[in-house]
Every structure is written in C-alpha cells, then in structure tokens.
Amino acid sequence: MPGRALALLLLAAAGVTVAGGAVAFTTFRVTGPSVVRVGQEVRFPTRGLRPDERVTVSLAPTLNRGGNCCGIDVIRRARADAKGEAILHFRWPARYYNGDRPVAWRNGAKADVIVLAGSGRGLRVVRVRTR
C-alpha cells in the first residue's frame, strides 16, 4: 500500500506542475488573410506578445499538425514592438520541407501559420492557392 500511495502522490504532483506551466504560456492573436497565393507578399498582424520579444514564424501543412515532419521557417528573429505587437510580413514560399526534401504546396491545401515566441504561440489557418 505505501508504494501505491507514493505513486499517486507523485502523479498528482506531476499534474499540478504541468497545469501550472500551461497557465504561463499565452496564446497570441494572429490575424491576416484566410487565402494566400504562392509568391504573394502576406502580412499577419500579431498581438499579445511581450514588449520587444523575439518572434519566429513557421508554415506547416495543417494535415500534419502535431507531427514533426514538415514545414518551413519563413521569419526568424523578428521582434515585437514596445506594445507587444508585430506585423509579420513575408513572401509565401512555393515549397516547404519534408525532412530534407522540398515539397510543393498543393492547390487548396490548408496551412498553419505558427507564430512562436518565448512567452507563447499563435496560430492562423490559411488556404493555399497555387494558381
């Protein structure tokens, strides 16, 4: 019995630790177009960042959300302004990577625009047009 009680106590402590960490992680508000074209210059205004925080923007097929196989970083080391806002702009790439292999976007595919920073993350789902 004492071993079982200790296991339950450790499990409860781990749950509290995970829940406490989740509260500190914020979700950014990412807005922008819902449809993008390959080669188009796009802008994704983002709010909720810490002042002057570094930001990375990645693109990944929505179909593979939660996996670790595919995507491309389109912005590295951008910075939020003093109000914690950023207008993230880039030209939509023709390809993303599956490992080392470049893969062309399929017409009509959904893509996740993922905004990452030390304090949290944001997500915007867009439809990709190739023609």
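Just a few scattered comments:
- Neighbours of residue 55 by Cβ distance under 13 Å: Lys/Arg scored +1, Asp/Glu scored -1, total +2.
- Site pair residue 85 and residue 52 shows an inter-label distance of 2.0 nm when each label is modelled 7 Å from Cα along Cα→Cβ.
- Å² of accessible area per residue within the stretch 90-131, as computed with a 1.4 Å probe and no ligands counted: 57 Å²
- Stretchable slack from residue 40 to residue 25, in nm (0.36 nm times residue separation minus alpha-carbon distance): 2.2 nm
- Cα centroid of the stretch 84-105 to Cα centroid of the stretch 42-59, whole Å: 15 Å
- With every protein chain in place, the stretch 21-131: carbon and sulfur % of accessible area (1.4 Å): 48 percent
- FRET efficiency, 1/(1 + (r/R0)^6) with R0 30 Å, evaluated for residue 77 and residue 101 via beta carbons: 0.70
- Size check on the stretch 88-131: the Cα extents along the three principal axes, sorted descending, read 35, 24, 17 Å.
- Net +/- balance of residues flanking residue 74 in space, Cβ distance below 14 Å, scoring K and R +1, D and E -1: +3
The values are calculated or read from the model by the stated rules, or taken from the named source; none is laboratory data. Treat the numbers as computed from the prediction; the structure is a model and nothing was measured. Positions of Cβ are backbone-derived with ideal geometry, glycine not excepted, and every protein chain shown enters the neighbour counts. Accessible surface areas use protein heavy atoms only, side chains included; no ligands, DNA or RNA. Shrake-Rupley method; radii C 1.70, N 1.55, O 1.52, S 1.80 Å.
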